[in-house]
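Chemist: One structure coming up, written as structure tokens, with questions to follow.
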Amino acid sequence: MSIKSEVLLNSLIGTNYQSNDCYIETYDINKNCTQKELLEDFLSRKDYSKITKENKRNVAFCFDCKENINLGETPVCINHNVKYLKDLADDINIELVEKNLNDVIENYEEVLKNLEEKINNFRKRNNNQIIFAKKLIDVYKSNINNLNYQIISNTKNLLHFNGINPKKFIQFHSPINFDYNILQSFSVSNYINETLTIEKIQKNLEIKFKSKKLIDCVVLLEKKNKLIFNIEKNIYLLSTKNYKLEDQVTTDHSIILMNLMDDKETILISHAKYIEKLSIENNKLFLENFLVKNVYMDKPGIIINYDNDYA
């Protein structure tokens, strides 16, 4: 019998956790002493010293003598505080315990697999962003004497990075955000918003607005020859045939984004706590509630089609 087996057979054992480590604590009843060591160290012991004391068939435990006994061989314990081992073991179903362990192992391995998948995706996604950012920098530096609008715009708009605090990932109780991205998002629709301003519409289409603020979002419905845009809470409908402003509606709350869905007709408007649907009938705009419960939206407020549904 190894020293490890001796401990398991002849000591009372406890476990505790500190930071990332698991410790095993042992209490030797006979010696009235406790010891503590890393579970990893305990399991890696290579001391195979033999125990000379012969095992005997125990039937009870004497709490006064603090040892396992056979009453026939230790009559002195008859009047002591004694508990029969079979009574102490009545509530142990070792087959059920083993089954529960196997269930936990199966679930643990599933969790581990899921975490590894998340870490791999986290690493792959961000590594690709690093490569892409370095490529953009290289393109800019390689064309420093021959720049064009596209290179300048891409460098200016795409090379913005989300901060990351290593301490928040290292600290034991810190939640890990697997959605973290090194690059800040930048939608190509921003280029449209950048060039399509109130002044440009006024100049080309002779449309007069009281507001001097920039357009927030623009949606082009090519099949219907319509252009929809908003300035703060006001939404405008414009005909691309005759450049006439056909209608205007106002929503109750700030607009994060107007989303044109895959069918190129459905328009969903993102708000902080709900989603509206915008439709056109007889050159008129109509707003209706689309999703109002359990919704939380933040910038950029993008809604996509996903498996015949929305995400």
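All of the numbers you see were taken from the coordinates with simple rules; none came from a lab. Since this is a predicted model, take the numbers as computed values, not measurements. Cβ placement follows ideal geometry from the backbone for every residue including glycine, while neighbour counts extend to all protein chains displayed.
Chemist: Counting only pairs 8 or more places apart or on different chains, how many lysine pairs in the stretch 243-293 have C-alpha atoms closer than 21 Å?
Modeler: Working: K244/K284; K264/K277; K264/K284; K273/K293; K277/K293.
Total qualifying Lys-Lys pairs in the stretch 243-293 comes to 5.
Chemist: Express in nm, to one decimal, how much length is gained between C33 and K277 on full extension, taking 0.36 nm for each residue of separation and deducting their alpha carbon distance.
Modeler: On the way: separation 244, 0.36 × 244 = 87.84 nm, distance 7.25 nm.
Result for the pair: 80.6 nm of gain on full extension.
Chemist: Give me log10 I(q)/I(0) at q = 0.11, 0.14, 0.20, 0.25 Å⁻¹ for the stretch 97-170, Debye formula, one equal scatterer per alpha-carbon, no solvent.
Modeler: Listed by q, the Debye log ratios stand at -0.53, -0.67, -0.93, -1.10.
Chemist: Taking 0.36 nm per residue of separation and subtracting the Cα-Cα distance, what length does fully extending N162 through Y84 add? Display every interim value, and only then the final one.
Modeler: Numbers: separation 78, 0.36 × 78 = 28.08 nm, distance 6.52 nm.
Full extension from N162 to Y84 adds 21.6 nm.
Chemist: How long is the gain from Q184 to E232 if the chain were fully straight, where each residue apart is worth 0.36 nm and the alpha carbon distance is subtracted?
Modeler: On the way: separation 48, 0.36 × 48 = 17.28 nm, distance 2.35 nm.
Once the chain is fully extended between Q184 and E232, it gains 14.9 nm.
Chemist: Given a Förster distance of 30 Å, report the FRET efficiency between Y149 and T266 from their Cβ-Cβ distance, rounded to the nearest 0.05. Working shown, then result.
Modeler: Numbers: r = 33 Å, r/R0 = 1.10.
Efficiency, rounded to the nearest 0.05: 0.35.
Chemist: Under 19 Å Cα to Cα from K113, which aspartates and glutamates show up? Leave out anything in the same chain fewer than 8 places away.
Modeler: Filter leaves D103, D179.
Chemist: Among the aspartates and glutamates, which have Cα under 14 Å from the Cα of K66 when same-chain residues fewer than 8 positions away are ignored?
Modeler: Within the straight-line limit of under 14 Å, K66 reaches these aspartates and glutamates: D28.
Chemist: Using Cα pairs closer than 8 Å and at least 6 residues apart in sequence, work out the relative contact order for the stretch 213-283, in percent. Intermediate results must be reported in sequence, preceding the final value.
Modeler: Numbers: 128 pairs, mean separation 14.3, N = 71.
Dividing the mean separation by the residue count of the stretch 213-283 yields 20 percent.
Chemist: Among the aspartates and glutamates, select those whose C-alpha is under 20 Å from the C-alpha of K233, and discard any that sit fewer than 8 residues away in the same chain.
Modeler: E194, E199, D216, E246, D247, D252, E276, E288, D298
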